[in-house]
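Trainee: Here it is: the structure, laid out below.
Just so it is clear, none of the values below were taken in a lab; they were calculated from the coordinates. Just so it is clear, the structure is predicted and the values come from calculations on it, not from any experiment. Reconstructed Cβ throughout: ideal geometry from the backbone, glycine too, with neighbour counts over all protein chains shown.
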Amino acid sequence: TLLELLIVISIIGVLAAFSLASYITAQKKTRDSRRIGELKAIQQALEQYNADNNGTYPTDGYDHLGATYFSGSIPKDPKTSCFYMQTKNDADGYTICADLEGVGSFTCSSTCDDVKGAGCTDAADFCIKNLQ
């Protein structure tokens, strides 16, 4: 009957809504894990650069390290395709940060123009620093 059909459609709608919410949460967690992994890869590349260059770090940003230190393309944020925010960048050290979606508010915009992370304006949720 029509009433039974409406009940079934309502139940399917509720289940679909819960499934969608779980799927979106899983996507956020996946992107956050990728961000953390990529920041650790950047850290390894910068430390290798440091070892190869008499204890100094690059002053022109990690995006200039290229294929010598990265096995593939230079890591960028999986959602915005922007470089990660580099707040300290000199021969003595570096600090590179990412804004995580699962923690606080994700505020990096989709427009950015350089490795300094112009799209990220607030305090980041996960940062790496020089080990030396």
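Trainee: Which of the three applies to region 1-93, rounded, prolate or oblate, going by the alpha-carbon gyration tensor with a ≥ b ≥ c and a/c under 1.5 meaning rounded? Kindly include the intermediate steps, with their values, before the conclusion.
Mentor: Working: a/c = 5.24, a/b = 4.71, b/c = 1.11.
It is prolate, given that a/c is not under 1.5 and a/b is the larger ratio.
Trainee: Here is a further query. Let's test the formula: R0 of 41 Å, r as the Cβ-Cβ distance of Ala67 and Ser19. What FRET efficiency results, to the nearest 0.05? Can you show the working numbers first?
Mentor: On the way: r = 41 Å, r/R0 = 1.00.
Once rounded, the FRET efficiency stands at 0.50.
Trainee: For Tyr94, list long-range residues whose amide hydrogen, built 1.01 Å from N in the peptide plane, is under 5 Å from its own amide hydrogen.
Mentor: Under 5 Å from the amide H of Tyr94: Asn130.
Trainee: Enumerate the amide H contacts of Tyr84 below 5 Å, restricted to partners 5 or more residues apart or on another chain; note that Pro and chain-start residues carry no placed amide H.
Mentor: Residues meeting the amide H criterion: Asp77.
Trainee: Under the rule a/c < 1.5 gives rounded, and otherwise a/b versus b/c splits prolate from oblate, where does region 1-52 land using the Cα gyration tensor?
Mentor: Because a/c hits 1.5 or more and a/b exceeds b/c, region 1-52 counts as prolate.
Trainee: About the Cα centre, and with charges only on the beta carbon of Lys, Arg (+1) and Asp, Glu (-1), how big is the dipole of region 13-52? Nearest 20 debye, please.
Mentor: Details: 6 positive and 4 negative charges, 56 e Å.
The calculated dipole for region 13-52 is roughly 280 debye.
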